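Shown next, in structure tokens, is the structure this report addresses.
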Ligand code: ARG
């Protein structure tokens with residue numbers, strides 16, 4: 001069963017709306033921002049509403065007067081203890097403490113921790129990761145995988161019907177070059193050991209040869225045409241390249257805990273392109289230009305979008321358009337979300353504009369992110385120091401860092417931390433914990449940042465036990481798990497739920513106010529498509545928990561107070577676990 005109750009923020013907003021309607025019955029308030037937001041400074045109450053300032057012009061009254069008028073009918077609400085008008089006309093609300101405790105008890109019983117099913121009945125397609133066959137994933141694909149997977153989890157948690165699709169780059173001119181190169185240059189042993197690296201080597205050797213050897217270039221072109229025409233031999237090779245690459249991608253997905261509902265690469269749509277382009281031409285949408293076929297997007301202030309090259313080949317955009325058409329027909333999504341690095345912004349603006357020109361109806365969104373900077377040097381698992389060119393791990397920039405190596409190093413460093421923290425833990429368990437902490441640290445370093453800002457990765461930050469990091473949050477979770485275990489061991493006959501939650505101390509109330517914001521944080525992170533909104537929330541919650549933990553006794557408190565505090569601990573643990581799992585990060589019970 002889903003939680004039927006509204007979040008605290010929603011309930012207070014409803015009260016505020018009601019109060020304004022009562023105070024100004026003859027005024028059209030439909031455009032006013034009658035919502036509350038948590039205050040940033042607790043001396044201003046718990047939540048505030050800033051609507052009075054926005055209404056001043058329409059109502060021709062001073063904002064403070066407006067706020068005071070609304071305040072009068074607000075006071076009666078059960079959820080609200082105190083209303084104050086402050087500064088130029090802010091309405092500051094203080095929540096009733098026992099009402100707050102009651103709300104927490106209701107949250108405790110809900111599997112979803114009060115997160116509303118705002119997505120029920122809606123279908124979203126999430127297009128993320130999308131690496132290219134026979135090429136190493138670059139940092140853009142990795143961030144797309146990590147961020148896209150969190151958007152995937154958030155949408156599912158909010159009740160959306162989600163279809164995740166890994167749109168591989170698995171069709172294109174590179175395959176002619178690869179096929180001729182494979183025949184000539186392949187090293188079977190290397191192909192078994194490091195398939196993608198070997199395919200990349202073959203590709204580079206073959207494309208270099210194309211530059212100096214016309215006959216070679218000619219035969220690469222012929223092999224490509226044969227492949228496109230369905231030649232069995234070449235299709236077999238193409239399938240081999242695909243399988244080898246997918247094997248390596250999958251081992252990365254497995255380590256990252258990522259899986260897809262479908263893997264439909266560009267090749268899936270290859271037979272639909274000429275048809276689609278013909279339809280666009282017939283509609284007058286695509287026109288000839290210097291032998292190529294383009295869609296003009298002058299009205300949208302965008303450069304032309306090429307849908308067929310002068311040699312008859314199709315473009316990346318053509319393939320994406322065919323993909324949209326199929327997705328709309330087959331799945332009738334309300335929204336399609338693409339997650340890629342910033343370099344594809346123009347591409348998607350053009351594709352979305354053409355889709356609109358074709359009259360296709362669906363919300364199309366592009367979530368883009370900046371590149372991530374890495375340190376200048378990097379130590380591999382084998383202890384080698386490698387230089388990272390330009391500070392990014394990107395094959396386009398010709399660097400040697402592999403994602404597996406990054407993850408390996410994270411696990412090695414995390415293992416050292418775990419060994420120090422829990423020297424008596426069995427070795428196997430230490431390794432499991434180190435895996436969760438190491439991979440969590442890498443993911444969180446990415447997810448805790450605004451996706452659109454440049455992120456500089458450092459081990460110190462990623463693995464810090466004090467700062468905004470996965471290990472910090474995982475430690476907080478494990479500490480609570482052990483407090484709860486100690487309680488059960490010390491008071492085996494006691495049932496926590498027999499005692500109500502009471503919020504006596506300021507720090508308990510502060511913690512309660514953070515706990516009830518979880519549903520808002522999840523909803524906001526999903527709707528703004530910014531995982532960092534949830535990360536920020538979890539970090540703040542853990543910080544408030546930590547001052548709670550340091551300032552009030554748990555097991556030594558008197559009966560009743562003790563149980564109430566342990567219920568709060570339990571709620572913090574559940575919130576951290578649920579929140580971190582939404583970020584794709586595991587929470588070991590012990591660290
Ligand atoms: N393969 C593309 C690349 O590596 C990413 C695919 C993104 N998805 C899409 N539908 N175009 O740049």
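Can you pull out the residues in the range 67-82 that are without any contact (Cβ under 8 Å) to a residue 40 or more places away in the chain and out of contact with any strand residue (DSSP E or B) (no Cβ under 9 Å at 6 or more places or on another chain)?
76, 78
Based on what the data block shows, is residue 179 more than 12 Å from the ligand (Cβ to nearest atom), in contact (Cβ under 8 Å) with a residue 12 or more places away in the chain and in a helix (DSSP H, G or I)?
yes
Being out of contact with any helix residue (DSSP H, G or I) (no Cβ under 6 Å at 6 or more places or on another chain) and assigned to a helix (DSSP H, G or I) is the requirement here; does residue 271 meet it?
Spelling it out, residue 271 is indeed out of contact with any helix residue (DSSP H, G or I) (no Cβ under 6 Å at 6 or more places or on another chain) and assigned to a helix (DSSP H, G or I).
Against the condition surrounded by fewer than 19 Cβ atoms within 10 Å (Cβ to Cβ) and modelled with pLDDT of 95 or more, how does residue 245 come out, does it pass?
So residue 245 does not fit the description; no.
If residue 237 passes every condition in (1) without any contact (Cβ under 8 Å) to a residue 24 or more places away in the chain; (2) within 18 Å of residue 135 (Cα to Cα); (3) surrounded by 13 or more Cβ atoms within 10 Å (Cβ to Cβ) but one, which one does it miss?
Here residue 237 clears every test but (1).
Quickly run through the range 307-346 and pick out the residues that are surrounded by 20 or more Cβ atoms within 10 Å (Cβ to Cβ) and more than 14 Å from the ligand (Cβ to nearest atom).
The answer is 307, 308.
Answer yes or no as to whether residue 302 is away from the ligand (no atom under 16 Å from the Cβ) and in contact with a helix residue (DSSP H, G or I) (Cβ under 8 Å, 6 or more places away or on another chain).
Judged against the criteria, residue 302 is a match.
Can you list the helices (runs of 4 or more DSSP H) lying wholly within the range 424-538 that have 1 or more residues being within 21 Å of residue 114 (Cα to Cα)?
So the answer is 470-490, 506-515, 518-527.
For residue 336, state whether it is assigned to a helix (DSSP H, G or I), touching a residue at least 12 places away in the same chain (Cβ under 8 Å) and under 25 Å from the mean Cα position of the chain (by Cα).
no
Please name all residue pairs, on different chains or six or more residues apart, with Cβ atoms under 6 Å, provided the first residue is in the range 28-42 and is assigned by TED's automatic domain parsing to the domain that holds residue 56 and the second residue is part of a loop (DSSP other than H, G, I, E, B) and modelled with pLDDT of 95 or more.
39/45
Would you confirm, using the coordinates I've provided, whether residue 100 is more than 14 Å from the ligand (Cβ to nearest atom) and closer than 30 Å to residue 235 by Cα?
Judged against the criteria, residue 100 is not a match.
Residue under question is residue 123, and the condition is that it be under 30 Å from residue 577 (Cα atoms), surrounded by 21 or more Cβ atoms within 10 Å (Cβ to Cβ) and either under 32 Å from the mean Cα position of the chain (by Cα) or touching a residue at least 60 places away in the same chain (Cβ under 8 Å) (or both); does it hold?
For residue 123, the condition - under 30 Å from residue 577 (Cα atoms), surrounded by 21 or more Cβ atoms within 10 Å (Cβ to Cβ) and either under 32 Å from the mean Cα position of the chain (by Cα) or touching a residue at least 60 places away in the same chain (Cβ under 8 Å) (or both) - is not met.
State whether one or more residues within the range 253-264 are within 22 Å of residue 131 (Cα to Cα), modelled with pLDDT of 95 or more, part of a loop (DSSP other than H, G, I, E, B) and away from the ligand (no atom under 16 Å from the Cβ).
Taking every residue of the range 253-264 in turn, at least one turns out to be within 22 Å of residue 131 (Cα to Cα), modelled with pLDDT of 95 or more, part of a loop (DSSP other than H, G, I, E, B) and away from the ligand (no atom under 16 Å from the Cβ).
Residues in the range 134-161 that are farther than 20 Å from residue 342 by Cα and either within 16 Å of the ligand (Cβ to nearest atom) or assigned to a helix (DSSP H, G or I) (or both): how many?
The number of residues fulfilling the criteria is 6.
Exactly one of these conditions fails for residue 277: (1) modelled with pLDDT of 95 or more; (2) farther than 22 Å from residue 353 by Cα; (3) buried (at least 17 other Cβ atoms within 10 Å of the Cβ). Give me its number.
Condition (2) is where residue 277 drops out.
The values are calculated or read from the model by the stated rules, or taken from the named source; none is laboratory data. Predicted, not measured: the structure shown is a model, and the values here were computed from it. Using ideal geometry, Cβ is built from the backbone for each residue, glycine included, and neighbour counts are taken over all protein chains shown.
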